[in-house]
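The values are calculated or read from the model by the stated rules, or taken from the named source; none is laboratory data. Note that the coordinates shown come from a computational prediction; the quantities given were computed from them, not determined experimentally. Please note: Cβ atoms are built from the backbone with ideal geometry, for glycine as well, and neighbour counts cover all protein chains shown.
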Amino acid sequence: MTAPIEEYGYISDLRTGALISRKGSVDWLCLPRFDSESVFGALVGTESHGRWLLAPSSGEERTEGSVDVARRYRPSTFILETRWRTGSGEVLVTEFMPIGGSGSTLVRRIQGLEGCVLMRQELQLRFGYGKILPWVHRIHDDDGEALLAVAGPQAVMLRAEVLPRAASDYSHVGTFTVEAGQTIDLQLHAFSSHEVPPAVVDVDLALQTTGTYWRKWSSNYVSQGNYDEEVQRSLLVLRALTHERTGGIVAAPTTSLPEQFGGQRNWDYRYCWLRDAALTLEAMMTHGFQQEALYWRNWLLRAVAGDPRDLQIMYGIGGERELPERVLGHLPGYEGSGPVRIGNRAVYQYQGDVVGEVMVALAKLRERGVHEDHFSWPLQRNMLWFVENNLERMDHGIWEMRGEQRFFTHSRVMMWAAMDCGVKAVQKHGLDGPATRWSEIREQLRAEVMEQGFNTEINSFTQTYGDTEVDASLLVLPQVGFLAYDDEKMLGTVSRLEHDLLDESGLLVRYRTEACPDGLAPGEYPFLACSFWLVEQYARSGRVPEAETLMDRLIGCSSDLGLLSEEYDTTGNRMAGNYPQAFSHLTLIRAADALNGATLGAGAKGPGESHESGGPSDLPS
C-alpha cells in the first residue's frame, strides 16, 4: 500500500527524480527522464507495479517508545538521510542521485551506528509503467556480481555486495545484517540495453561532489530574514525540477496524484508549462539565480521557434510538441483514484494568459541588465503578434478548464501585461517594435477589463466577463501592475474571495467547482498557490498580521522535509495532487518576499552562508 503523499522524500539528479517513502520504499522513478516510463510505479498502482524496498526487517522488534525513523536532507542538498532505530540497533540510510554522471544512478548507503540490524530488501522492477516484466539475471564482471534487468531498449542494473538472493513472484528478496561501523552500498544504474553496463560508482566521491554541487548552488541565496529555510528549500525544489541538459522545468515529477481522492482530477505534470516555468525563473531571478533564467530562455527559444500561430501552452522537456493524453487502464491509481493519465490533453488548449507570464519574466530579466540577442527579442515580438491576433478569442483559462471557452478576466489582464511589457521594451530599452499600436491595444484591454471584468453589484472582479463567480487567479492582477494592491476595486475583490472561496480552515480554493462548469464532477481541495497569493496580497495591502497567520498555516502544510504538493485536504490533514509541486514552491517564495518586505524592509539580513553536510549525530532523535 502506498504511503500518504507527505511521507515521500524526493531526490533528483537534474534528469529525473525518485520518491522514497518514510517506510523505505522507492515507489516512483521514471528513467531516463522525468517524463519517461516508470521502472518503479507503485505510487499510482500496487507493489506489483514496481518498487524497491530497503528497511529493517519486519521481524526486528522495536524498543518501546523509541522513534522508529527520523529523516532529513543534509543542509542545502537533496541528499536524504533516514535513521532507523530498532530493538537491536540503529542504522543510517543515505540516499541520493549523483549529479553529473553519464546516466542516472540511485545510491542507497547503509551505515551501522549501534548494535546489529537485520535489513530487508525487496526489488520489483517493472518497465513501461508497471506493465512490462523485464528479464532479470545475474552477471559477473570486473566490478563483481550484479542483477541486470532488460526489456527492449531499456536496462537497469543493481550493484551491491548484498544482492537479494531469492526470486519469487517476479520479485527479488533478501535480508542482510549491518553491524556498528559497517557500510554497505547499493547502486541502481539505468542505461540503454545495447550499451556496456556502467562501472561501479565511487560512492564516497559521488556523495562529496553531489553535496558540493547542491551547497554551491544554494549558496547564491541571500538571507532575507524570515522564512529563509523555507525559501531556500523551495528554490532547491525548483532547481531539482529542472532538466540539466535542456533547461526545461517540469511542473512536478509525478503524474495522476489526485486533486480529489476518489475523483478524476488526475493529471500528468511531468512537462514544461510556459506559465509555470516563467514564474519559476522569475522567483529564481529575484534571489540571484540569473544563469538559470538565461538557460531557460534558451530552452524557450528552441521550444517555441517557428510560426507564432503554433504557440503552445506547454512542451516536453526537450521542447517536444506532441504530448497526447491516454489512460493507463492497468494502473488503479493512487489509493484507487483513477484514471492514471500520461500525456496531457491541455497541450491543445488556448490559454490567453500564457504569453503575459512569459513576457513579464523576460522583462524582469531585461531589467536586470541581460541584453536581448538576435533571436530573443524577435521571438517576443512574435508572441505579441500572437496575442494581437487572438484578441477576440475566448480561452480555457489558467486552470485549464475542460468545459466551454470563455473570456476569463485573468487571461485578459495577462494579455494587457504582455502588451505593457512590449511597450516598455521599446520606450525604456530602445528595442524595435510598433509601440504605438501595442499601447493602443494595451489601453483597449484595460478599458475592456474594467468595464466587463468588474461587477459593481458585488464590488469585485469576476472569473469571467458578465458573471458573478470569482476566481483566486484575480489575486494576480496587482502582481503584474494592472492596479495597486490597495486599490478599492482590488480590496473589494479580496473581500469577495474571502467570502466565497475560503474554506473552514482558512485556505483558498481556486474557484467554486460546483458553480463553474469545468468539464468534471465538482469538488477539490484548497490550492496551496492560491493561498500563498493571498498572503502576498495581505502583506502588500497592510494586513501583515493576517498574512503572517496564513503563512504559518501554509508552512504547516509542508512535509517534514519542507516539500509541498499542489493541494491540501484540510479535513483529512493530508496533501493532495502532484508532488513536489513547482507552483506551490514558487508562490511560497513570493509570499515570503512580500512578508519580509512588509516587516523587515531595509533591515533584511545580508547574504546567507552555505552549509557543510552534517553527520549522523545531527539527525533528529
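Could you give me the residue pairs with C-beta distances under 6 Å whose first residue belongs to the range 163-187 and is at positive phi, whose second residue is of a type in the set (A, V, I, L, M) wherever it lies, and which are 6+ apart or on separate chains?
Tyr170/Leu133
Quickly run through the range 110-138 and pick out the residues that are among the charged types (D, E, K, R), within 27 Å of the chain's Cα centre (by Cα) and surrounded by fewer than 21 Cβ atoms within 10 Å (Cβ to Cβ). Full working, then the answer.
So the first thing to find is which residues in the range 110-138 are among the charged types (D, E, K, R), and the list is 114, 120, 122, 126, 131, 138.
From what's left, within 27 Å of the chain's Cα centre (by Cα): 126, 131.
Result: Lys131, single match.
Kindly indicate which of Leu554, Leu534, Leu550, Leu563 is touching a strand residue (DSSP E or B) at 6+ places or on another chain (Cβ under 7 Å), touching a residue at least 24 places away in the same chain (Cβ under 8 Å) and assigned to a helix (DSSP H, G or I). Reasoning before the result, please.
Working: Leu554 fails: touching a strand residue (DSSP E or B) at 6+ places or on another chain (Cβ under 7 Å); Leu550 fails: touching a strand residue (DSSP E or B) at 6+ places or on another chain (Cβ under 7 Å); Leu563 fails: assigned to a helix (DSSP H, G or I).
After applying the criteria, what remains is Leu534.
Can you find a residue that is on the phi > 0 side of the Ramachandran plot and touching a residue at least 12 places away in the same chain (Cβ under 8 Å) anywhere in the range 298-318?
We begin by selecting, within the range 298-318, every residue on the phi > 0 side of the Ramachandran plot; these are 306.
Applying the additional criterion that residues be touching a residue at least 12 places away in the same chain (Cβ under 8 Å) yields none.
No, the range 298-318 contains no residue that is on the phi > 0 side of the Ramachandran plot and touching a residue at least 12 places away in the same chain (Cβ under 8 Å).
What's the number of the only condition in (1) over 30 Å from Gly318 (Cβ atoms); (2) at pLDDT 95 or above that Thr209 fails to meet?
The one condition Thr209 does not meet is (1).
Sort out for me the strands (runs of 3 or more DSSP E) sitting completely within the range 124-213 that have 1 or more residues that are more than 27 Å from Val44 (Cα to Cα) and of a type outside the set (D, E, K, R). Steps first, answer last, please.
Values: elements: 135-141, 144-151, 154-160, 166-168, 171-179, 183-192.
Filter on the range 124-213 gives 135-141, 144-151, 154-160, 171-179, 183-192.
Glu179 - would you say it is in the same structural domain as Ser38 (by TED's automatic domain parsing) and in contact with a Cys (Cβ under 6 Å, 6 or more places away or on another chain)?
Details: in the same structural domain as Ser38 (by TED's automatic domain parsing): yes; in contact with a Cys (Cβ under 6 Å, 6 or more places away or on another chain): yes.
In short, yes.
Please work out if Glu443 is modelled with pLDDT of 95 or more and in a helix (DSSP H, G or I). Explain how you work it out, then say what you get.
Values: modelled with pLDDT of 95 or more: yes; in a helix (DSSP H, G or I): yes.
The answer is yes for Glu443.
Criterion first (touching an Asp or Glu at 6+ places or on another chain (Cβ under 9 Å), modelled with pLDDT of 95 or more and either of a type outside the set (Lys, Arg) or closer than 30 Å to Val370 by Cα (or both)) does Gly481 satisfy it? Steps first, answer last, please.
Working: touching an Asp or Glu at 6+ places or on another chain (Cβ under 9 Å): yes; modelled with pLDDT of 95 or more: yes; either of a type outside the set (Lys, Arg) or closer than 30 Å to Val370 by Cα (or both): yes.
Judged against the criteria, Gly481 is a match.
Determine whether the range 460-476 contains at least one residue that is in the same structural domain as Arg275 (by TED's automatic domain parsing), more than 16 Å from Arg512 (Cα to Cα) and charged (D, E, K, R).
no
Could you check how many residues of the range 26-43 are hydroxyl-bearing (Ser, Thr, Tyr) and surrounded by fewer than 24 Cβ atoms within 10 Å (Cβ to Cβ)?
The initial filter retains those residues of the range 26-43 that are hydroxyl-bearing (Ser, Thr, Tyr), namely 36, 38.
Now narrow it down to the ones that are surrounded by fewer than 24 Cβ atoms within 10 Å (Cβ to Cβ): 36.
Adding up the residues that qualify gives 1.
Can you report the number of residues in the range 443-463 which are crowded, with 22+ Cβ neighbours inside 10 Å and either closer than 19 Å to Leu502 by Cα or under 30 Å from the mean Cα position of the chain (by Cα) (or both)? Spell out how you get there, then give the answer.
Of all residues in the range 443-463, those crowded, with 22+ Cβ neighbours inside 10 Å come to 445, 449, 453, 460-461, 463.
Those left that are additionally either closer than 19 Å to Leu502 by Cα or under 30 Å from the mean Cα position of the chain (by Cα) (or both): 460-461, 463.
Result for the range 443-463: 3.
Being closer than 12 Å to Arg512 by Cα and surrounded by 14 or more Cβ atoms within 10 Å (Cβ to Cβ) is the filter; apply it to the range 484-502 and report the residue that is farthest from the chain's Cα centre (by Cα). Steps first, please.
Here is the first cut: in the range 484-502, the residues closer than 12 Å to Arg512 by Cα are 497, 499-502.
From what's left, surrounded by 14 or more Cβ atoms within 10 Å (Cβ to Cβ): 497, 500-502.
Details: Leu497: 26, Asp500: 28, Leu501: 24, Leu502: 24 Å.
Here the answer is Asp500.
Only one of (1) surrounded by fewer than 21 Cβ atoms within 10 Å (Cβ to Cβ); (2) under 20 Å from the mean Cα position of the chain (by Cα) is not met by Val200, so which one is it?
Single failed check for Val200: (2).
Tell me which residues, restricted to the range 313-352, are of a type in the set (Phe, Trp, Tyr) and touching a helix residue (DSSP H, G or I) at 6+ places or on another chain (Cβ under 6 Å). Before the answer, list the steps.
First, the residues of the range 313-352 that are of a type in the set (Phe, Trp, Tyr): 315, 334, 348, 350.
Once the filter is applied, which keeps residues that are of a type in the set (Phe, Trp, Tyr) and touching a helix residue (DSSP H, G or I) at 6+ places or on another chain (Cβ under 6 Å), the range 313-352 yields Tyr315, Tyr334.
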